[in-house]
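Worksheet: one structure, shown below.
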Amino acid sequence: MGTRVGPAEAGHYLTGTGRATDTGVMSHAVRTAGMGVIYFFACYIALSIDVTNGAASIWPASGLLLGVLLLCPDRAVPSVILGTLIGGVAANLTVGFEATTSIGYTCINIGEGLTARWLVRRYWPDAPRLTHPTNGLALIACGLAAACAGALVAGAVAHFTSDADWVRVAAIWAGSDGAGIVIVTPVIVATAAVIGEIPSPLPRWRVVEAVILLAVTVAASNELYLSAHPSFMDQVANTLVTLPLVAWAAIRFEAVGAAWAIFVVNAFCIWGTATGRGPLFDVAPQSVVNMIMQARVSVTGIVALSLGTAVGAARRLAAVHRRLALELQSAVDVERTRLSHELHDDVAQRLAALKMQLQLDARCPDAGSPASSASSVAIVDDLLVNVRSLSHSLRPAPFDSGQLLPALTALARTESNRSGLSVVVDSRAAEWSIPHDVELACYRVVREALTNVAKHARASHVAVSLSCHTDRLTFSVVDDGRGFDVGPTTRQAVRDGHLGLVGMRERVGHVGGTLTVSSTPGAGTTITCLVPLGASA
């Protein structure tokens, strides 16, 4: 049944829609203007420092664009792209490039940023979080791959428009864009990652340490890269001054500290090299100096970022292990308390009743009757049942060796009756001999996965598959639930003390296997485990 809308109501709805539209247009304009201004200054500074064969020796704007694209949602990408186009073209025109060349070069930069963003999201979506050294390496690798592709296009454009040496232009372009990505992108993504985790209030000693580290790094970089150096050996040796500072930042402040330390050091390095005061300036041609500078920036940035992410990963892993140890001890205490209550409230009371019955029979042997004997036998039968139940609960494994498939089938039946899930078990491993510790790890991971599905996934169907080959065991749990974003959800669960997924990884890792979680919001979740047979002793 339809609802008629009168003129007043229609005007009200139109007004509301107009306000929403105005707000959206305003947000779009603000994002475009902000990105345009920031990108303009990033390009202008690079173009003012040095331009060789139409390409700057360093291009921090590429790192800026990639960092912003990785953090912004899809709906904000058009605003970022438009602001980048306006700022890049304006910067190129300001320093004397032709309009066609300015538009072409800026479009190539935009293509690089979009390509790198697609590579990261397609092949390593967890990379911007910088929670592991492989994340940092993957992030930089995707950026460098996109920079190299853009360099080939830029070299061809420069060759056909200005008859430049396209190989030389492509090499300079790839090196400058790659160095910009190494310097700037980690600063943006690392800072964004820690903003939501900053404690309030900040520890005073941490703030003091950060200020001291920044001041010492700035002073050392100024002395190294903006002062004259008398000899080649002094120039080489003086570069080692910044290494302890970068290591200090990486160890104490993890990825964000390493990123900012490299940014500060390399900013002085680039400025000193471009103005003729940096290391190697007097002992090599400008083109060689630029190549050495690009290589130094890239190598130091990659090493420092790897160190910072490794330190952060080790600290998080240690914290997780501490929490797991506490949970394990708590579980042991709970189980001991339960057994104590069982023994005291049930077994001990029945034994006391049996003792009293036997004492009465001993004192009055003539009063003994078949009913009394039957009562004693019944008490003993109940005791046997309870003791067997307690003994079964104390076993380390809920099933005997070689009984993994029946145990999983019984688990699926129990979970189906308890939560209403439709759980299907598919196995092609019955004919193989699997070590019992691997069977136990598989069973417990599947049990934890089913528990998580029942609690959080809002799923209707779950499929548990198990396959065994001569050298490996593979099992997976697939549900049709609502899915989730793996990285943020896992970190939040760890902060809240919910270590189910982490515990599953620990169980699989204990037998030499690996566990991967693939999930997309609205598209279900797949947990896959691969265990090499023979890896566990």
* Taking the highest mean first, how do the peptides 470-476, 323-329, 137-143 order by number of other beta carbon atoms within 10 angstrom per residue? -> 137-143, 470-476, 323-329
* **Additional length obtainable on full extension of the chain from Thr134 to Arg121, 0.36 nm per residue less Cα span** => 3.2 nm
* Structure fact -> Per the C-alpha gyration tensor (a ≥ b ≥ c, the square roots of its eigenvalues), region 313-357 is rounded if a/c is under 1.5, else prolate if a/b beats b/c, else oblate; here it's prolate
* Asked: Ala304: net charge of surrounding residues, Cβ under 15 Å, Lys/Arg +1, Asp/Glu -1, itself excluded?
  -> +1
* **Fully extended contour minus Cα-Cα distance, from Asn222 to Val377, at 0.36 nm per residue** => 46.6 nm
* Sorted by packing (mean other beta-carbon atoms within 10 Å per residue), highest first, where do 65-75, 146-156 land? -> 146-156, 65-75
* Per-peptide average of other Cβ atoms within 10 Å, ordering 248-261, 80-93, 177-190, 206-219 highest first -> 177-190, 248-261, 80-93, 206-219
* Asked: Roughly how many nanometres apart are two label points built 7 Å out from the Cα toward the Cβ at Leu71 and Ser433?
  -> 5.8 nm
* Let a ≥ b ≥ c be the square roots of the eigenvalues of the Cα gyration tensor of region 101-168; is it rounded (a/c under 1.5), or, if not, prolate (a/b larger than b/c) or oblate? -> prolate
* Spin-label zone in region 141-177 - amide nitrogen under 12 Å from a point set 7 Å from the Cα of Thr100 along the C-beta vector -> 158, 160-163
* **Loop sites in region 403-481: GluC sites (Glu not before Pro), DSSP, at most 15 other Cβ within 10 Å** => Glu431
* Mind giving me the nanometre distance, one decimal, between the label points for Asp165 and His28, set 7 Å out from Cα along Cα→Cβ? => 4.6 nm
* Which FRET efficiency value, to the nearest 0.05, is calculated for Ser48 and His510 with the Förster distance at 60 angstrom and r the Cβ-Cβ distance? -> 0.55
* Asked: With labels modelled as points extended 7 Å from the Cα through the Cβ direction, what inter-label distance (nm, one decimal) is found for Ala314 paired with Glu327?
  -> 2.4 nm
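Only the coordinates and a few stated rules stand behind these numbers; no lab work does. Not measured: the values here are computed from a predicted model. Every residue, glycine among them, receives a Cβ derived from its backbone with ideal geometry; neighbour counts consider all protein chains shown.
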